[in-house]
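Engineer: This is the structure I have questions about; it appears just below.
Read-outs: derived from the displayed coordinates by stated rules, not from any lab. Remember, it's a predicted structure, so these values are computed and weren't measured experimentally. Here Cβ is always computed from backbone atoms with ideal geometry, including for glycine, and neighbour counts include all displayed protein chains.
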Amino acid sequence: MQLNHYLNFDGQAEAAFNFYKSVFGGEFAAFMRYGDIPSEQGSTLSEADQQKVMHISLPINATTVLMASDTNDQFCAQTNTVFTLGNNHYISINLEAHEQADAKRLFDALSVNGKIEMPLDKTFWGALYGAFTDQFGIQWMVNCQLEEG
């Protein structure tokens with residue numbers, strides 16, 4: 001299991017991560033825009049939202065990865081959330097395919113008396129993923145890769 005920081009931005013993820021890359025060095029391990037979502041997923045995002053960053057990751061060292069995404073109007077409406085500086089940080093729990101049972105256990109246990117943003121479910125990027133705010137107001141993501149990589 002690996003714990004990482006996951007940041008949300010309101011359209012500044014790419015600029016922020018280009019800055020972080022200039023400070024920490026290295027290369028992006030992942031970079032996807034909302035426009036990259038497969039059409040069968042039913043995305044109805046505006047052209048502006050399609051250009052926003054869906055996911056970006058920058059390895060900092062062998063055990064730490066800084067990750068982020070931009071918010072978009074459709075996601076905020078679906079999850080009844082509003083981007084506010086201060087609520088733009090998650091702790092991301094990252095697990096391997098053989099840890100699916102741990103992913104479910106951690107999601108279920110940590111979200112007790114909290115607010116589920118996205119139920120733990122399979123995704124188009126090949127992972128079991130869910131997000132929630134725990135009973136103490138801390139935002140979490142659980143991402144378990146389903147294929148060994």
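Engineer: On average over all directions, what projected area in square nanometres does the chain have, based on the convex hull of its Cα atoms?
Structural biologist: Averaged projected hull area, Cα only: 9.0 nm².
Engineer: Tell me which residues come under 5 Å, amide H to amide H, from Glu117 once H is placed; ignore anything under 5 positions away on its chain.
Structural biologist: Counting only residues 5 or more places away or on other chains, the set is Ala131, Phe132, Thr133.
Engineer: Here's a follow-up. From largest to smallest, what semi-axes in whole angstrom does segment 1-79 give when each is the square root of 5 times an eigenvalue of its alpha carbon gyration tensor?
Structural biologist: Over the Cα atoms of segment 1-79, the ellipsoid semi-axes are 24, 13, 11 Å.
Engineer: Divide by every residue of the chain the summed helix terms, -39500 (n - 2.57) for each DSSP H run of at least 4, and state the resulting mean residue ellipticity at 222 nm, rounded to the nearest 500 deg cm²/dmol.
Structural biologist: Mean residue ellipticity, 222 nm, calculated: -6500 deg cm²/dmol.
Engineer: Residues with beta-carbon under 14 Å from that of Asp73, excluding Asp73: net charge, scoring Lys, Arg +1 and Asp, Glu -1?
Structural biologist: -3
Engineer: Could you name the lysines in cross-link range of Lys115, using Cα to Cα under 25 Å and dropping any fewer than eight places away on the same chain?
Structural biologist: Output for Lys115: Lys104.
Engineer: Could you pull out every residue, at least 5 positions away or on a different chain, whose amide H is within less than 5 Å of the one on Ile138? Hs are placed 1.01 Å off N in the peptide plane, and Pro or chain starts have none.
Structural biologist: none
Engineer: Output the Kirkwood hydrodynamic radius of segment 88-149, Cα pairs only, in Å rounded to one decimal.
Structural biologist: 11.5 Å
Engineer: Let me ask something additional. Is there a quick way to get the dipole size of segment 1-61? I mean about its Cα centre, with the Cβ of Lys and Arg at +1 and of Asp and Glu at -1; what is the value in debye to the nearest 20?
Structural biologist: Dipole of segment 1-61, to the nearest 20 debye: 220 debye.
Engineer: Gln2: net charge of surrounding residues, Cβ under 14 Å, Lys/Arg +1, Asp/Glu -1, itself excluded?
Structural biologist: Result for the neighbourhood of Gln2: -3.
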